[in-house]
Amino acid sequence: MLLGFTSASAAVEEAALVIDRIQAGDWQAQGLRLKLSLTGKKSELQVSRLNLPAPVGELQDIKILCAKLRLDAAVLDCPKAQFHLKASVLEQPEFTGGFRYQMVSQKLQFHLDDVPIGETRVRVSARLEDSIWWAELEAPGLSLSGEDGKFASDKLALTLKARVQPVPTGDWNFSIEVGALRGQAYAEPVFLDFAKAPLRAEFAGRWGSEQKQLVMESMRIQQPQVLRATGSASLDFKAAKRLQSLHMQIDEAVMPGVYSSYLQPFLIGTTLDSLETQGRITGSVGFAGGEAEHVRLKLKEVYLDDKKKRFALYGLQGSVNWSAKVGAKAITQLGWEGGNAYKLDLGPTQLRLSTAGRDMRLLEPMHLPVLDGRLDVRRLELLAMGTDSMQVAFDGELSPVGMERFCRALGWPVFGGTLSGTIPTLEYRDGSLTVGGTLAANVFDGRVEIDSLRLEQPFGSLPRLSADMTMRRIDLKSATSAFSFGRIEGRMDGDVKNLRLLKWKPVAFDGRLYTTPDDDSRHRISQRAIENIANLGGSGAAGVLSRGFLRFFEDFGYDRIALGCKLRDGVCQMAGLEPHRSGGYYIVKGSLLPRIDVIGFATRVNWDGFVEQLKSATKSE
């Protein structure tokens, strides 16, 4: 310590003391100049540079005015002072406080009463004793906004207590207690409302100044009705992945608080980003080497309901056990009491999964009630999840589901019958979904089979689907009973070859619907059905029915029906049963008396117009 002394003026009203440097432990002051009033006026202390421990660091150009300054061989004391300090975090450079420095013991203590940070005044007090810093901060309503928009607070009531001590290696040991009792805070992407859920947290660990490493040997978080957890963590601020390790023991995570505060911000853009939640979760999570290491959770009475009405699960319970180690024996067991998927009611079920690395496999068949039927899943695999090479495999069987309930659930026109069938192996690989067999369903007392099904880029902006489809012995009475298209009785087959869909809209196919060969069931067709078929084919049959004695008949017998469309470039090339002598083609070939035939004359039809005409014909009255 170097001292210089300047004599008082001629009137001896003022003394000046110049100190080049004061250093004690982990703090240092340089360029001190003290103007000491000898007449009771304010004394002035100037400090060109003050170095304090992190995170405060270096402060410059400090000016302190002291009304009652005490200076002797033992102490430098100013209980009431006015500070002038320039710093980027301060809204104004002036604030009040006081300080005391004991020369022999090198004890330093100070308090700042109204530090202007943001839109509020913060109180800070600290003391240095035996190389240990104790500090406290109280902010009754802190409002801040970071320049990059990644941090902000609004009327945040914050308290902080800290103990910081240097160690021989040059590092710092610390223990911190934080309380956030009111207000709001945002740290990208997490937003917290402490008025609804006050937070108290404790941290203890070590800061490596040279290595830029933060080791939190212990952490404790308490947020009633949101989260109670303990753990440890380490961060490397020089590494690309700052979070080097994290181990958290979750004593209790409460929905919906923990979802809305800590989970939802990281789920934006996924199917889980808009949920109503309830329930409780306990367990642990771990990170190592900047990567997730394990997740072990127990779920109790968890409720998940998608606000976008895509799915819901009720009474979800069980355990989630995931390990990053490939081949690890990590088994997840879950069950739920009920739920829905796109308004289809799901019953209670249990499932057992292997969950290790990026792979998930169903370990035993799952039986899932769907409406009044059941989906039996024999195989379910998701491999390389979260990568461009993700693969999915699935096969199962759907036992009969009543079409009436199915239609009501989806908001369709209600018709009878059942839906059932087999779901062969579905595989998702290299951005394409393929079916390794025939996808079959029993519907309208007939059977529908889909072959060569391939779906490319199902999650992209331009999904493409290709398939072949056959329909056999469809009961037309069941199929047409729900629509105002008109009633048709009999059996019908259909073939759709080379079907191509782009963004879920047909762009090409070769399709034909026709009466099932050798069908010996009753063949009847209503007036309304004849009118709508005639309009589709450009026939004049509708006009014939509106006049003459035929208008008195509700339905007619027919021999066969057929209608075909070959779609290319937005145009449907129409065809029917067989040519008619008029140059058209039979769509409906009548039988018995009174007989009526429906002849089509349109050979090329705009596809979009055809679809709109069909929609209009099938709208329920």
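The values are calculated or read from the model by the stated rules, or taken from the named source; none is laboratory data. Since the structure is predicted, the reported quantities are computational estimates derived from the model, not experimental observations. Using ideal geometry, Cβ is built from the backbone for each residue, glycine included, and neighbour counts are taken over all protein chains shown. These accessible areas exclude ligands, DNA and RNA; they are computed on the full protein's heavy atoms, side chains included. Shrake-Rupley method; radii C 1.70, N 1.55, O 1.52, S 1.80 Å.
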Give just the number: which of (1) of a type in the set (S, T, N, Q); (2) surrounded by 15 or more Cβ atoms within 10 Å (Cβ to Cβ); (3) under 25 Å from THR332 (Cβ atoms) does SER389 not satisfy?
(2)
Hey, could you check region 359-384 for residues that are open to solvent by 40 Å² or more (accessible area, probe 1.4 Å) and outside any strand (DSSP E or B) and say which is farthest from VAL326 (Cα to Cα)?
ASP372
Would you confirm whether or not region 346-358 contains a residue that is of a type in the set (S, T, N, Q), touching a residue at least 24 places away in the same chain (Cβ under 8 Å) and open to solvent by less than 40 Å² (accessible area, probe 1.4 Å)?
yes
So for region 246-267 (the condition being open to solvent by less than 30 Å² (accessible area, probe 1.4 Å), among the polar types (S, T, N, Q), modelled with pLDDT of 90 or more and in a strand (DSSP E or B)), does at least one residue qualify?
no
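Scanning region 478-497 for residues that are small (Gly, Ala, Ser) and in contact with a helix residue (DSSP H, G or I) (Cβ under 9 Å, 6 or more places away or on another chain), which turns out surrounded by the fewest Cβ atoms within 10 Å (Cβ to Cβ)? Spell out the reasoning first.
The first filter runs over region 478-497 and keeps only residues small (Gly, Ala, Ser), leaving 478-479, 481-482, 484, 486, 490, 494.
Next, only the ones that are in contact with a helix residue (DSSP H, G or I) (Cβ under 9 Å, 6 or more places away or on another chain) stay: 478, 482, 484, 486, 490.
Values: SER478: 18, ALA482: 17, SER484: 15, GLY486: 18, GLY490: 20.
Restricting to residues being small (Gly, Ala, Ser) and in contact with a helix residue (DSSP H, G or I) (Cβ under 9 Å, 6 or more places away or on another chain), the top hit is SER484.
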Count, please, the residues in region 385-403 that happen to be closer than 20 Å to MET360 by Cβ, in a strand (DSSP E or B) and among the polar types (S, T, N, Q).
1
Exception for ASP475 within (1) at negative phi; (2) in contact with a Gly (Cβ under 9 Å, 6 or more places away or on another chain); (3) modelled with pLDDT of 90 or more; (4) open to solvent by 40 Å² or more (accessible area, probe 1.4 Å) falls at (4)
Does VAL598 fit the bill of being among the β-branched types (Val, Ile, Thr) and either loosely packed, with under 12 Cβ neighbours inside 10 Å or modelled with pLDDT of 90 or more (or both)?
no
Verdict on PRO168 being outside any strand (DSSP E or B) and either among the acidic types (Asp, Glu) or open to solvent by 40 Å² or more (accessible area, probe 1.4 Å) (or both)
yes
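Would you tally the residues in region 404-447 being assigned to a strand (DSSP E or B), open to solvent by less than 60 Å² (accessible area, probe 1.4 Å) and either among the charged types (D, E, K, R) or touching a residue at least 24 places away in the same chain (Cβ under 8 Å) (or both)? Show your work before the answer.
Within region 404-447, the first condition is being assigned to a strand (DSSP E or B), and the residues that meet it are 418-429, 432-435, 439-443, 446-447.
When the remaining residues are screened for being open to solvent by less than 60 Å² (accessible area, probe 1.4 Å), the result is 419-426, 428, 432-435, 439-443, 446.
This time we only want the ones that are either among the charged types (D, E, K, R) or touching a residue at least 24 places away in the same chain (Cβ under 8 Å) (or both), so: 419-426, 428, 432-433, 441-443, 446.
Counting residues in region 404-447 that are assigned to a strand (DSSP E or B), open to solvent by less than 60 Å² (accessible area, probe 1.4 Å) and either among the charged types (D, E, K, R) or touching a residue at least 24 places away in the same chain (Cβ under 8 Å) (or both) gives 15.
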Residue list for region 181-207, restricted to those being within 12 Å of SER261 (Cβ to Cβ) and out of contact with any Lys or Arg (no Cβ under 8 Å at 6 or more places or on another chain)
ALA185, TYR186, PRO189, VAL190, PHE191, LEU192, ASP193, LYS196, ALA197, LEU199
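Residue under question is GLN165, and the condition is that it be within 27 Å of the chain's Cα centre (by Cα) and among the polar types (S, T, N, Q); does it hold? Spell out how you get there, then give the answer.
Working: within 27 Å of the chain's Cα centre (by Cα): no; among the polar types (S, T, N, Q): yes.
So GLN165 fails the test.
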